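Here is the structure we will look at, set down as structure tokens.
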Amino acid sequence: MSHQTVIVLDFGGQYNQLIARRVRECGVYCEVKPCTTPLEELKAMAPIGFIFTGGPNSVYDEKAPRVDPALFELGVPVLGICYGCQLMAHTLGGQVTAAQEDTAREYGRTETFYDGSCKLFKGLPGRGVSWMSHGDYMAKVPQGFALTAHSAACPNVAIADETRGFYGVQFHPEVNHTEHGVDMIRNFLYEVCKARGDWTMGDYCRTAIAQVREKVGTGKVLLALSGGVDSSVCAALLAEAVGPQLTCVFVDHGLMRLNEGDEVEAAFGKWDINFVRVDAETRFLLKLAGVDEPERKRKIIGEEFIRVFEEEARKIGKVDFLAQGTIYPDVIESGAGNAAVIKSHHNVGGLPDYVDFKEIIEPLRLLFKDEVRQLGRELGLPEYLVSRQPFPGPGLAIRIIGDITKEKADTLRQADFIFRDEIAGAGLDKAPDQYFAVLTNTRSVGVMGDGRTYDHTLALRAVSTDDFMTADWSRIPYDVLDRVSTRIVNEVPGINRIVYDITSKPPATVEWE
Ligand code: XMP
């Protein structure tokens with residue numbers, strides 16, 4: 001697959017993936033590489049442009065990440081964002097210093113004035129709000145650079161050396177808060193890097209199918225299908241490519257949402273593949289009986305899942321390829337090291353080395369989540385599968401606080417279904433990025449009819465997020481919450497109180513366990 005490539009060089013900025021997504025949204029393929037990647041490796045990718053991300057450092061810190069100055073000799077355009085801009089300025093002979101209080105240090109929304117004759121701002125309004133986040137200041141810009149944008153506090157919000165194709169901005173064009181930010185990225189790609197815009201999902205789909213066919217030949221492929229977006233799209237792609245050679249094992253651990261198992265089965269009925277649905281509810285519930293510690297639940301489910309899958313795999317015999325729905329965000333290596341592990345996310349798609357197979361294939365490895373969804377549509381998967389919100393591998397087990405029983409799982413399933421039904425009915429199903437119900441282990445006194453009740457409290461959770469690393473709680477209209485609450489307490493036995501979770505992440509997490 002030879003697409004024109006832009007390299008996003010990651011200096012540890014929090015928006016590195018967002019930059020990459022924006023580039024791809026503009027129809028140009030790009031990859032995120034750590035800033036420590038050797039220049040030879042970057043050169044071998046024959047990029048048409050580089051984008052340097054922001055980062056937490058100051059360029060004059062001794063340990064600050066650097067860039068090989070020879071990169072600027074390649075004749076390839078560069079767009080530096082925030083730290084990336086300062087680093088470029090510093091490397092090319094400019095001077096960057098800590099900004100004095102209240103002078104050129106800027107955070108958040110800032111009124112900015114752009115020079116429309118600069119290619120980066122071509123065709124855009126001369127002023128607008130940009131999202132700043134820099135404590136450093138370019139006291140002297142390098143030779144050959146002109147100042148192309150300013151704000152009240154800062155004369156050099158953007159710099160450009162148009163002859164060499166080097167551009168730098170102190171703000172973040174990739175975030176939504178920057179007006180016309182995506183247009184600036186598009187200008188960099190099309191006006192400066194002369195991109196063709198050859199990254200389309202239709203093309204990708206055809207090429208990926210051909211590649212899978214070539215690689216698999218007459219071999220057998222095994223895939224663990226969880227019913228989530230990634231593994232479903234992976235299954236659809238493989239089905240299209242090598243249908244009869246594919247076996248999808250769908251382990252139904254009994255902790256899925258209402259009707260989910262049937263929906264998954266129905267969606268794959270149309271392809272000529274071997275679809276195995278394992279009803280393993282009883283054995284999972286048995287293993288989980290009496291367990292209330294979240295990490296323990298995850299571990300038990302992970303292990304049991306592997307056991308069930310292994311048994312099924314043995315029935316098939318030798319397979320040649322184990323397929324996984326790994327997607328690009330799982331693959332990107334950050335330039336700034338790894339963050340602390342808060343929860344041991346068990347992803348049912350990820351299986352290690354216990355099945356006898358020759359090779360792993362990961363056909364979604366290059367795609368972001370929204371691209372995976374697009375690919376799913378190309379392949380004709382139903383919208384309810386393609387636009388499905390994320391669902392954790394351990395399923396409802398981590399949404400039932402305390403010990404798990406079938407009765408509690410059924411109660412939660414019903415309540416969760418009503419919540420989703422009302423959200424969809426209110427036309428809000430594309431608004432929160434994830435929404436679900438949690439069965440707490442708190443019971444409280446209520447009154448129903450003339451009688452006293454002592455039943456469970458159910459929590460509703462809905463969040464908006466770009467990447468699930470941080471999230472804000474969704475402002476669902478009160479009347480929708482009211483309908484959800486009324487329906488649940490009336491229709492679901494065992495629940496007499498509903499609460500709405502209004503914590504963001506951090507300090508909370510999306511899931512309760
Ligand atoms: P947290 O709760 O960590 O969730 O803020 C962030 C996102 O990850 C999902 N999640 C999981 N996904 N296995 C998964 O495959 C897990 O064990 C797991 N735990 C949380 C969660 O639903 C949210 O989308």
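Of everything in region 203-227, what is on the phi > 0 side of the Ramachandran plot and free of Cβ contacts under 8 Å to residues at least 24 places away in the same chain? Give them in sequence order.
Within region 203-227, 217 is the sole residue that qualifies.
Can you report the number of residues in region 39-50 which are in contact with an Asp or Glu (Cβ under 8 Å, 6 or more places away or on another chain) and under 18 Å from residue 65 (Cβ atoms)?
1
Out of all the residues in region 73-128, which are at pLDDT below 95 and β-branched (Val, Ile, Thr)?
Listed by number, the residues that qualify are 96, 97, 103, 110.
Taking the residues in region 397-418 that are in a helix (DSSP H, G or I) and within 15 Å of the ligand (Cβ to nearest atom) as candidates, determine which candidate is surrounded by the most Cβ atoms within 10 Å (Cβ to Cβ).
Here the residue is 412.
Failed condition for residue 213, given (1) touching a Pro at 6+ places or on another chain (Cβ under 7 Å); (2) at pLDDT 95 or above, with all others met?
So the condition that residue 213 fails would be (1).
Kindly check whether there is at least one residue in region 357-374 that is part of a loop (DSSP other than H, G, I, E, B), within 16 Å of the ligand (Cβ to nearest atom) and more than 21 Å from the chain's Cα centre (by Cα).
There is no residue in region 357-374 that is part of a loop (DSSP other than H, G, I, E, B), within 16 Å of the ligand (Cβ to nearest atom) and more than 21 Å from the chain's Cα centre (by Cα).
Would you confirm, using the coordinates I've provided, whether residue 428 is assigned to a loop (DSSP other than H, G, I, E, B), in the same structural domain as residue 206 (by TED's automatic domain parsing) and not polar (S, T, N, Q)?
no
Report, by residue number, each residue of region 471-513 that is within 16 Å of the ligand (Cβ to nearest atom), out of contact with any Pro (no Cβ under 7 Å at 6 or more places or on another chain) and in a loop (DSSP other than H, G, I, E, B).
501, 502, 503, 504, 506, 507, 508, 509, 510, 512
Restricted to region 285-315, and to residues that are without any contact (Cβ under 8 Å) to a residue 60 or more places away in the chain, under 23 Å from residue 441 (Cα atoms) and within 30 Å of the chain's Cα centre (by Cα), which residue is surrounded by the most Cβ atoms within 10 Å (Cβ to Cβ)?
Looking at residues that are without any contact (Cβ under 8 Å) to a residue 60 or more places away in the chain, under 23 Å from residue 441 (Cα atoms) and within 30 Å of the chain's Cα centre (by Cα), I get 300.
If you scan region 46-87, which residues turn out to be loosely packed, with under 13 Cβ neighbours inside 10 Å and touching a strand residue (DSSP E or B) at 6+ places or on another chain (Cβ under 9 Å)?
Scanning region 46-87 gives a single hit, 46.
Return the residue satisfying two criteria in turn: it lies in region 381-396 and is within 15 Å of the ligand (Cβ to nearest atom) and not in a helix (DSSP H, G or I), and of such residues it is farthest from residue 466 (Cα to Cα).
Once the filter is applied, the top-ranked residue is 394.
Going by what's in this entry, would residue 153 be described as modelled with pLDDT under 90, in contact with a Ser or Thr (Cβ under 7 Å, 6 or more places away or on another chain) and not in a strand (DSSP E or B)?
So residue 153 passes the test.
Among the residues of region 499-513, write down those that are surrounded by 16 or more Cβ atoms within 10 Å (Cβ to Cβ) and aliphatic (A, V, I, L, M).
510
Residues in region 450-458: is at least one assigned to a loop (DSSP other than H, G, I, E, B) and touching a strand residue (DSSP E or B) at 6+ places or on another chain (Cβ under 6 Å)?
No, the conditions are met nowhere in region 450-458.
The values are calculated or read from the model by the stated rules, or taken from the named source; none is laboratory data. No experiment lies behind these values; they were computed from the predicted model shown. Here the Cβ is made from the backbone with ideal geometry for all residues, glycine too, and neighbour counts use every protein chain on show.
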